[in-house]
Amino acid sequence: MIIIGERINGMFKDIAKAINDRDPGPVHEWAKKQEYNGAHYLDINVGPSSTEPVEAMKWLVEVTQEASDLPLALDSTKYDAIEAGLKLCKQPAMINSVPAEMAKMERVFAMAAEYGAEVIGLAMNEEGIPKDADMRVGLAAELVATADAFGIAPDMLYIDPLVLPCNVAQDHGPEVMRTLREIKMISDPAPKTTVGLSNISQGTKNRELINRTFAVMAMANGLDSAIADASDDELMAAVAAARIILDMDIYCDSFVDVFKQRNR
Amino acid sequence: MAVEILKEKYRGKVGEVVLGATKENGGTRGHTITVGGETALPFLHFEGEIPNRPVVALEVWDINPEWNPCFDDYYGDVYDDAGAWAKKCVEEYGADLIQVRLKGADPDLNDYSPEDCAATVKKVLEAVSVPVMVIGCGKAEKDNTLYNPIAEAAAGENLVMGVAELENYKSVTSACMANNHVVIAQSPIDINICKQLNILIAEMSPAMSSRIIIDPTVAALGYGIEYSYSIMERARNGALQGDKMLAMPMYGNAGFESWRQKEANISDEEQPGWGEQAERGILWEATTAMAYLQSGIDILVMRHPEALKVIKGNIDDLMKDNSY
């Protein structure tokens, strides 16, 4: 599974402070740490409180690239900030994210085509997050079709079925699983899938257990990637085991270490 | 409308390993051989690169091997001289490289000392200018005493040495690490052990991960060839899909295995319906080897010069560009 490391995010106090003080230290540290732990992409989010998101994004992209060669997932609802970041990315990046709303899709897919970026597409629109799988798959199909019109192949898209906390929206769980399965039938090649893993456990006890259980269940239903905490050792071990059971990696006794070290 | 031919795209690549070293690199070989580097399944030139042709070695033993008498015409005069034997294999029979099997070190046979074995290897190195592979007698306890003296005596030559096994990989690996040789990692027709052993060797020294040759253990035709074949196929698919711990060139003792079987050896008198023995043996060996070419082998160790000839012709055909 492709892990998009979630830690360089202004929602975390240390990163917010680093952005504010223009102190590269914590950003470098988290970039290296997440890469070491097996992340494949680094999510870059300036956080909700930033007053100058474009400048903050530019700084964060440059500083992160000083410490890591991993591709970046530029995470913002402000597309000017994403575009400013894309210009600075040394290798093709990922845009996180766009909902199935026409004006936003037009802006984001044009940008993705120009910079060769992958895109995370959210299975939601102006009306919010659908409750059932059918609506989610319908929105995913809209994302695939619109991307295609901009010359973006379906496998450049990561569809996020959108996960709600299991303590407030328990009935969404099975719908998300079904959505993951059915997204794979939209097109050939199929779009990829992703989730913001820790959303499932917001406000619950035993968050790590819920996160990793969800991760392996979702993998069995076709999940390709997750925005997750790469330094959660138990999560990474569970993903490694799931990859063996799904015949995605050839078993060997060191399968956990091999999975974690594949980037080193 | 033009039909678009779908071609498989692979993420991974088999690592390239150089065998032997010329004077510039501290050895005395006339040339080196590079194996591996494939970016597609065997000989599918239209889907990727097969940059290096598979190579064929002949075996040389350090004692009279008491092989089937049909070998006497070829090797009878050199059984007692490993140097002359190796020279004949290269100059008369066209072997790309030589594999020395130090069978005489077996405590139940001649119990040759580590110094004797190192001298044999030196002798072969002096007799031929092709890259040389060296394997022990097959008894781990004795073989572990051989690796260091041989590795040191041949320092700089970039030998291929073996074998490392899951339960016994450290001595041969450290001998190779210290003297810059290539190691053969042998697993018993088991993909999981194959991968694990490569990991363990690479853990001893990351530099060794590009100096490993996989010996998946090849069986002869009729004796489990399909098991070896499918393990090799799986390993190669893994390598091409990006599994670095399986992305090494592969090697197999096709001659040794084929000539252990009754189908290669039994006389015409005993089995008149099976056809003439020598021809049958050659075909048994060549057919075994051909199957392994198709499953991605990079180094074949053969025994009969006629079987080698067949296989080299086969490789010539398979290496013809079929891309479109």
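Listed by position, the strands (runs of 3 or more DSSP E) enclosed by the stretch B:1-61 that each have at least 1 residues that are modelled with pLDDT of 95 or more and among the acidic types (D, E) are B:16-19, B:55-61. Would you confirm whether any residue within the stretch B:59-71 is in contact (Cβ under 8 Å) with a residue 24 or more places away in the chain, buried (at least 19 other Cβ atoms within 10 Å of the Cβ), of a type in the set (A, V, I, L, M, F, W, C) and within 19 Å of B:E126 (Cβ to Cβ)? Yes: one or more hits.
Scan the stretch B:220-235 for residues that are more than 9 Å from every other protein chain (Cβ to nearest Cβ) and closer than 21 Å to B:V160 by Cα and the total you get is 1.
How many of the residues making up the stretch A:234-264 are acidic (D, E) and touching a residue at least 24 places away in the same chain (Cβ under 8 Å)?
So in the stretch A:234-264, the residues acidic (D, E) come out as A:234, A:247, A:249, A:253, A:257.
With touching a residue at least 24 places away in the same chain (Cβ under 8 Å) added as a condition, the list becomes A:234.
Total meeting the criteria: 1.
The listed residues are A:E66, A:E106, A:E62, and the only one of them that is of a type in the set (D, E), open to solvent by 10 Å² or more (accessible area, probe 1.4 Å) and touching a Leu at 6+ places or on another chain (Cβ under 9 Å) turns out to be A:E62.
Can you name the residue in the stretch A:227-244 that is over 18 Å from B:C194 (Cα atoms) and within 14 Å of chain B (Cβ to nearest Cβ) and is also surrounded by the most Cβ atoms within 10 Å (Cβ to Cβ) among such residues? Steps first, answer last, please.
Initial filter on the stretch A:227-244 (over 18 Å from B:C194 (Cα atoms)): A:227-243.
Pick out the ones that are also within 14 Å of chain B (Cβ to nearest Cβ) and you get A:240, A:243.
Working: A:A240: 21, A:R243: 19.
Top of the filtered list is A:A240.
Given A:D43, A:D80, A:D14, A:D21, which one is charged (D, E, K, R) and open to solvent by less than 50 Å² (accessible area, probe 1.4 Å)? It is A:D43.
Among the listed residues A:L139, A:L157, A:L162, which satisfies the condition of being on the phi < 0 side of the Ramachandran plot and within 17 Å of the chain's Cα centre (by Cα)? So that I can check it myself, show each step before the final result.
Details: A:L139 fails: within 17 Å of the chain's Cα centre (by Cα); A:L162 fails: on the phi < 0 side of the Ramachandran plot.
The match here is A:L157.
Taking the stretch B:83-94 as the range and being open to solvent by 10 Å² or more (accessible area, probe 1.4 Å) and in contact with a helix residue (DSSP H, G or I) (Cβ under 8 Å, 6 or more places away or on another chain) as the test, the residues that pass are B:A84, B:K87, B:K88, B:E92, B:Y93, B:G94.
The values are calculated or read from the model by the stated rules, or taken from the named source; none is laboratory data. A quick note: this is a predicted structure, and the numbers were derived from the prediction, not measured. Neighbour counts are summed over all protein chains in view; Cβ atoms, including those assigned to glycine, are modelled from backbone coordinates with ideal geometry. Please note that ligands, DNA and RNA were not included when accessible areas were found on the heavy atoms of the full protein model with its side chains. Shrake-Rupley method; radii C 1.70, N 1.55, O 1.52, S 1.80 Å.
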